[in-house]
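Asks: Take this structure first; my questions come after.
What follows draws every value from the coordinates through simple rules; no lab data is involved. Quantities reported herein were computed from a predicted structural model and do not represent experimental measurements. When we count neighbours, we look across all protein chains shown, and the Cβ atoms used for this are built from the backbone with ideal geometry, even at glycine.
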Amino acid sequence: MAHTHTVKRYTGLMDWLTTVDHKKIAILYLVAGGFFFVIGGLEALLIRLQLMKPMNDLVDASTFNQLLTMHGTTMIFFAAMPLVFAFMNAVVPLQIGARDVAFPFLNALGFWLFFFGGIMLNTSWFLHGAPNAGWTAYAPLSTQFSGIGVDFYVLGLQISGIGTLIGGINFMVTVINMRAPGMTFMRLPMFTWASFIASTLILFAFPALTVGLVLLMFDRLFGANFFDISAGGNSILWQHFFWIFGHPEVYILVLPAFGIISEVISTFSSKRLFGYSAMVFATVAIGFLAFMVWAHHMFTVGMGPVANALFSIATMLIAVPTGIKIFNWLFTLWGGQIRFTTASLFAIGFIPSFVIGGMTGVMVASPPADFQFHDSYFVVAHFHYTIVGGVVLGLLAGLHYWWPKIFGRMLNEKLGKLTFWTFFIGFHLTFFVQHFIGLMGMPRRVYTFLPGQELDTLNLISTIGAILMGIGTIFLVVNVIVSSMKGKDAPADPWDGRTLEWAIASPAPEYNFKQLPLVRGYDALFKEKMDGRSELTPAEPLGPIHMPSPTILPLIMSIGLFIAGYGFMYQNNYVAVGGILVTFICMIIRSLKDDHGFHIEVEELQDKGAKA
Amino acid sequence: MSHGELTGNQLPAEPEKATLEGRNKILGFWFFLGGEMVLFGSLFATFIGLRNQIADGPAPQELINLTMTAVMTLVLLTSSLTSVMAIQAMHRKDTAKMYLWFIVTFLLGLTFLILEIIEFVEYVHHGHKFTTSAYSSAFYTLVGFHGAHVTFGLGWLLTLLIPFGRKGLTVTTAPKMYVFGLYWHFVDVVWVFVFTIVYLMGKVG
Amino acid sequence: MENLSALEPKGPVASEQLSVILIATIVMICVFVTVMIIYVYVLLKFRKRSGQTGYPKQVEGNHKLEIVWTVIPFILLIIIAVPTVKYTFSHDRNFGDDPNALQVKVIAHQFWWEFEYPNEGIVTAQDLIIPTGRTVSFQLESADVIHSFWVPALGGKKDTNPGLSRNHYLKADEPGTYYGKCAELCGDSHALMDFKVKAVTPEEFDRWVAAMKAPLSAPASAAAREGEAIFKQNCIACHAINDTETKQIAGGKLGPSLVDYANRSTVAGILFNREPEDLKNNLKKWLLDPQAVKPGNLMPNPMPVKGSKMEQNLGLTEAQVDALVEYLAGQKQQ
């Protein structure tokens, strides 16, 4: 087969803007997600500094409502989700023995759509004001009683939501169709299983958000009446759509984090995961139940006792498979040889933290109790325990664990442990007291509180904790900078790993595997090690490897929608239509021009050795 | 791995599934349709929840012309049938017939769209505008989204048919035609629900 | 703080809800302790010791254990679920047709609370007077966005939704002033939308009801009479007062009723009237610049305020504001 077309390979900035390589896209997600995490963290610090004492005037009421909205929206959609996608991209293809994901072009498109959605949302700070109706944007506050800021919310999330949906479909097809020979479903590492289930949740949850945002956009920009009671609309409709999306969303975040914990605990106790089948089953059960419980966010709406009771029972049921996981992790550690590295510290710190979050989850699942808890600081404590104590600690474990595989360098262990202890202690200090603040009568989303209501001391302690978390984050940033100045000297397998990604060089070579591996059991690499092999058994002969071409189209398509978004919110039809046209033209170009890709020839493979 | 050089009688029996890329595209598209089901399901739920909130606009019974709707349904359903004929021709390697059946599909789809536009203009003259009431907003959003899907499908079909002469039927182009067929059937099934829930139930009350 | 905390219930609804909270807490603490015992033991006993080589025994799982830690949590959940379901139903009881209950319609506004007693024919705001020992049946509504009606010491909250009416009930066991909060983000002054529930003995309540409908005699001081005139020119379109001329309650419903204003526990819901001079000082502070006290509130500025986010103003002078203060400080029904 002759290839007379010239192979396009870019370097420098163009390489990053045109890449369709899952490993580079992972780094893009990591950097962008990290950037938005810092922004969301600064927003949180301002919130806590304002609440340091009663009747504080660090920020005014309007700014505070924008801060809390942006903090929630940024952290969930633009920090946590992309960081989850970063690890899915970096790790899943390697763990299943594949060369890339099923749809490399769409993978890049998913990233750029997310990125521009996040940028668009954050430009609101500099334009006419950030959205201020909470990350939940309840109508009619968000439709008739808010300024243009909410349009940034609607359009920013709509654009990045398309990116997430694309990503979800991509990983579902990847895991189903692209596993190496011998990699059956019940031999998949837990992180891949978790990513697969989370991707299924994305597929079925995000369209509900899409519709909700469309209804919100149409009410705000085109005079529709979905939530306008004077024309027959219903404000509760928004809540249903938002939470039918919103509840699965938090499981989309936490299931991959659970997957990371399974990997890290197993590796650092040098033991296979205890109860693998039960863990798989529990993950599937949690994913399924995630769609059955959304109205537990609406107990105080007045849906009636039957609805409240049913959703309450369904919610409590989720505690069962979650508890199964906790015990399986504990019994993986049992009888092991536990090594305390930064990665394993985060995983070990996760266990009591997430358990507390889960406990308060069962407590708020009960409507009579929730009537007191709802919209108070108790709920703020609950969801921060699950999201920070669960998702973020899991992501930080994954970061320190997979950093060498992604970047070819080790993160500094001393700085890592400093990061862990300051962040962990700061986290508990910030949020543990909030359980009590809530029960003592402080509602959430309040820009200040009155003196003489016995809320002063606990709020101060919470703020001190937040400052500590900020310091922990600074240690992390320092660690990243310090380690990036060293050479790429990380070994292929720094942790004595058990899964396929540790069988190849660090960082992973462009083509992942010289020859696709033959998988002979669960913990595929560990199996080879136990059988005395130093390398994986190949499943195919050495041959030229076909790679997809880099392309600028995903970037341009995303810019098109980005421009269109501004057109819609500023009611400029030319800009709106123009932006959409740019996107459509790119789609047509993509359809008409065939991508033949390029080949990495055998000679290149043989002299590349361990280098990327 | 082939790069689409196989053509004509060299093509395998189901050319759309002959490559990994093709199988990926088809599986991915089925999943996408799953997401679209949730999307339309949500729009239907909104419509059903708000269908009695007509404010001071005309009631559905006054607006709906079942004859027009029946014609539109016939046209769209037939276009789905012709797309099946096209894929069947593709499996028989009869590319000329496949092309022809897809052109008929296009023309029928275009007819549906024109009839729907005429229908909407009628409604606006009767005082049933997008901004009239919660019912009208839900009506136009649901039926409009379906119409937008038809429009997008027609555009998509054009981008598939226009370069077809140059590219021909290969293991690279076959999955694209097949996936379009899936999409077109989906749009058709959604219309059956629209016809039932919006038009029939709207007329009967 | 007592009278604000859900942990110190002052009525049966709050007590029952606290009992569910305690059951759930105790059960969950048992789970936590179990987990932590295993956790601490494991981390201490199975640390990698220096010199340890080779791999530990690789254990696939244990069916018995899996069953144990599936069934036991299930049973623990049932312990929580039973009182949960019981109170979910009982706390949703609608006392709207109960002749023994006091009927109150609550209409939430940005950023104040309106209370209407349909059977007693009284409309008031911010301070909700109720008798002790008697069920108060609420119809909760909103005039604009979603708010939430929460009096932690008496019971949990329920949302007030525009276009919908929801039933709710509370009961106070003993006299006291219980703090109410808005518990759904509703705009800039969400944090400042406090109200008070004043539970008084049934006798006192009956006296209050009678007093609220009694006519008022003309104000004593000239300043106050001037204030009344200014009020009827500028304020009565939105605020109801007890008109001393017509001996009727008259005025608009866009803003809170100011009948019996001098007996309110706060000005604007958050400026406490504790000392005798507080009412006048607080009221003046409010009238000089309402946006400074409650940002985003919908009242036009009585006097022009430079740089104010509220564009409308009533063009009053400070002297006129002083007169209004004198007048309103005399608005006492008892």
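Asks: Would you calculate a helix-derived [θ] at 222 nm for chain B, using -39,500 (n - 2.57) for each DSSP H run of n ≥ 4 and dividing by the full residue count, to the nearest 500?
Replies: -25000 deg cm²/dmol
Asks: While we're looking at this one, here's another question. Among DSSP beta bridges whose residues both lie in chain C, state the antiparallel percentage, nearest 5.
Replies: 70 percent
Asks: Per residue Cα convex hull volume for the stretch A:224-358, in cubic angstrom?
Replies: That works out to 117 Å³ per residue.
Asks: Using only alpha carbon pairs under 8 Å that are at least six residues apart, calculate the relative contact order of the stretch A:423-516 and give it in whole percent.
Replies: 30 percent
Asks: Loop sites only, by DSSP: take the GluC sites (Glu not before Pro) in chain A that have at most 15 other C-beta atoms within 10 Å and name the longest stretch containing none of them.
Replies: The longest such stretch corresponds to A:1-453.
Asks: How many Cβ atoms of partner chains, on average, are near each residue of A:167-180 if near means within 10 Å of its Cβ? Can you show the working numbers first?
Replies: Values: counts 0, 3, 8, 3, 0, 5, 10, 2, 0, 5, 7, 3, 0, 0.
For peptide A:167-180, the averaged partner shielding equals 3.
Asks: Tell me what chain C gives for mean residue ellipticity at 222 nm when only DSSP H runs of n ≥ 4 count, each as -39,500 (n - 2.57), the sum divided by the residue total, rounded to 500 deg cm²/dmol.
Replies: The helix-only estimate for chain C comes to -11000 deg cm²/dmol at 222 nm.
Asks: Moving on. Under the definition of Cα pairs under 8 Å and six or more residues apart, what whole-number percent is the relative contact order of the stretch B:14-204?
Replies: Details: 181 pairs, mean separation 75.2, N = 191.
Reported as a whole number, the value is 39 percent.
Asks: Diagonalise the Cα gyration tensor of the stretch A:477-592 and give the resulting equivalent ellipsoid semi-axes, square root of 5 times each eigenvalue, largest first, whole Å.
Replies: 45, 22, 13
Asks: With a cut-off of at most 16 other beta carbons within 10 Å, and DSSP calling the residue loop, which GluC sites (Glu not before Pro) in the stretch C:242-320 qualify? Please list them.
Replies: Listed in order of number, the matching sites are C:Glu245, C:Glu277, C:Glu311.
Asks: Whole angstrom only: what separates the Cα centroid of the stretch C:103-149 from the Cα centroid of the stretch B:154-179?
Replies: Comparing the Cα centres of the stretch C:103-149 and the stretch B:154-179, I get a distance of 66 Å.
Asks: Hey, another quick one. Show the residues, 5+ positions off or on another chain, whose built amide H is closer than 5 Å to the amide H of C:Gln139.
Replies: When sequence neighbours closer than 5 places are left aside, the close amide H contacts are C:Val104, C:Lys105, C:Val106.
Asks: Amide H neighbours of A:Val20 under 5 Å, counting only residues 5+ apart in sequence or on other chains, H built in-plane at 1.01 Å?
Replies: Here the answer is A:Thr551, since their amide H atoms fall under 5 Å of that of A:Val20.
Asks: Averaged across A:208-216, how many Cβ atoms of other chains sit within 10 Å of each residue's Cβ atom?
Replies: 4
Asks: Give, as a single signed number, the net charge of other residues whose beta carbon lies under 15 Å from the beta carbon of A:Tyr401, with Lys and Arg counted +1 and Asp and Glu -1.
Replies: 0
Asks: Given the rule -39500 (n - 2.57) for each run of at least 4 DSSP H residues, summed and divided by the residues of chain A, what is its mean residue ellipticity at 222 nm, to the nearest 500 deg cm²/dmol?
Replies: Details: 22 runs with 388 residues, N = 612.
Calculated from helices alone, the mean residue ellipticity at 222 nm is -21500 deg cm²/dmol.
Asks: On a 0 to 90 degree scale, rounded to 10, what angle separates helix C:278-288 from the longest Cα axis of chain C?
Replies: That works out to roughly 80 degrees.
Asks: While we're here: Return one number: the angle in degrees, 0 to 90 and rounded to the nearest 10, between the long axis of the Cα atoms of helix A:22-50 and the longest principal axis of the Cα atoms of chain A.
Replies: Taking the Cα atoms of chain A, the angle to A:22-50 is about 20 degrees.
Asks: Just need log10 I(q)/I(0) for chain A at q = 0.06, 0.07 Å⁻¹, Debye formula, equal scatterers on the alpha-carbon atoms, no solvent, rounded to two decimals.
Replies: Summing over Cα pairs of chain A leads to -0.31, -0.43.
Asks: I've got another one for you. Quote the convex hull volume per residue of the stretch A:92-189, based on C-alpha atoms, as a whole number of Å³. Spell out each step's value before the answer.
Replies: Numbers: hull volume 11.0 nm³, N = 98.
It comes to 113 Å³ per residue, whole-number rounded.
Asks: Against the 2.2 N^0.38 Å scaling, with N counting residues, where does the stretch A:35-77 land? I'd like the Cα-based Rg ratio to two decimal places.
Replies: Working: Rg = 10.3 Å, N = 43, 2.2 N^0.38 = 9.2 Å.
So the stretch A:35-77 has a normalised radius of gyration of 1.13.
Asks: Can you divide the C-alpha Rg of the protein assembly as shown by 2.2 N^0.38 Å and report the result to two decimal places?
Replies: Details: Rg = 32.4 Å, N = 1151, 2.2 N^0.38 = 32.0 Å.
Taking N as the residue count of the protein assembly as shown, the ratio is 1.01.
Asks: Please list, in order along the stretch A:567-580, the HN-Hα scalar couplings obtained from phi with the Karplus expression 6.51 cos²θ - 1.76 cosθ + 1.60 (θ = phi - 60°), rounded to whole Hz, x for Gly and Pro.
Replies: The phi angles translate into x, 5, 6, 9, 6, 10, 5, 5, 5, 4, 5, x, x, 5 Hz.
Asks: Sort the following peptides by mean Cβ neighbour count (other Cβ atoms within 10 Å, averaged over residues), highest first: C:247-256, A:285-294. Show your work: numbers first, answer last.
Replies: On the way: C:247-256: 15.9, A:285-294: 20.0.
Peptide ranking by packing, descending: A:285-294, C:247-256.
Asks: Nearest-5 percent of antiparallel DSSP beta bridges in the protein assembly as shown?
Replies: 70 percent
Asks: Rg (Å, one decimal) plus Dmax (Å, integer) for the alpha carbons of the stretch C:165-213?
Replies: Values for the stretch C:165-213 (Cα only, Rg and Dmax): 14.3, 39 Å.
Asks: Going by amide H atoms built from the backbone, whose H comes under 5 Å of the H on C:Ala240, apart from near neighbours?
Replies: The list, which skips near neighbours in sequence, is C:Gly252, C:Ser257, C:Leu258.
Asks: Trypsin sites (Lys or Arg not before Pro), restricted to the stretch C:1-97: which are DSSP loop and have at most 12 other Cβ atoms within 10 Å?
Replies: Counting only loop positions with at most 12 other Cβ atoms within 10 Å, the trypsin sites (Lys or Arg not before Pro) in the stretch C:1-97 are C:Arg49, C:Lys57.
Asks: Given just the C-alpha atoms of the stretch C:102-212, how large is their convex hull per residue in cubic angstrom?
Replies: About 85 Å³ per residue, rounded to a whole number.
Asks: Also, quick follow-up: Determine the distance separating the Cα centre of the stretch A:162-186 from the Cα centre of the stretch C:57-80; give it in Å without decimals.
Replies: 31 Å
Asks: Report relative contact order for chain C in percent, whole number only (criteria: Cα-Cα under 8 Å, sequence separation at least 6).
Replies: 16 percent
Asks: Another question about this same structure. Based on the Kirkwood radius over alpha-carbon pairs, what value in µm²/s does the Stokes-Einstein equation return for the translational diffusion coefficient of the stretch A:403-444 at 4 °C and 1.567 mPa s?
Replies: Numbers: Rh = 12.9 Å.
This corresponds to a translational diffusion coefficient of 101 µm²/s.
Asks: Where Rh is the Kirkwood radius over the Cα pairs of the stretch B:14-204, the temperature 25 °C and the viscosity 0.890 mPa s, what D in µm²/s does Stokes-Einstein return?
Replies: The diffusion coefficient I find is 138 µm²/s.
Asks: What would the Debye equation give as log₁₀ I(q)/I(0) for the stretch C:39-183 at q = 0.17, 0.18, 0.21 Å⁻¹, counting only Cα atoms as equal point scatterers?
Replies: Ignoring solvent entirely, the Cα scatterers give -1.00, -1.09, -1.34.
Asks: From the backbone phi of the stretch C:155-165, what are the Karplus-calculated ³J(HN,Hα) couplings (6.51 cos²θ - 1.76 cosθ + 1.60, θ = phi - 60°) in whole Hz, Gly and Pro given as x?
Replies: x, x, 9, 9, 6, 9, 10, x, x, 10, 10
Asks: Report, in whole Å, the centroid distance computed from the Cα atoms of the stretch A:456-535 and the stretch A:196-254.
Replies: Rounded to whole Å, the Cα centres lie 36 Å apart.
Asks: Provide the per-residue ³J(HN,Hα) series for the stretch B:173-184, in order, calculated from phi with Karplus coefficients 6.51, -1.76, 1.60 and θ = phi - 60°, each as a whole number of Hz, with x at glycine and proline positions.
Replies: Result, rounded to whole Hz: 7, 4, x, 5, 5, 4, 5, 4, x, 4, 4, 5.
Asks: If you don't mind, there's one more thing I want to ask. Can you give the Rg/Rh ratio of the stretch B:29-113, where Rg is from the C-alpha atoms and Rh is the Kirkwood radius? Each step should come with its number before you reach the end.
Replies: Numbers: Rg = 18.0 Å, Rh = 15.8 Å.
So for the stretch B:29-113, dividing Rg by the Kirkwood Rh gives 1.14.
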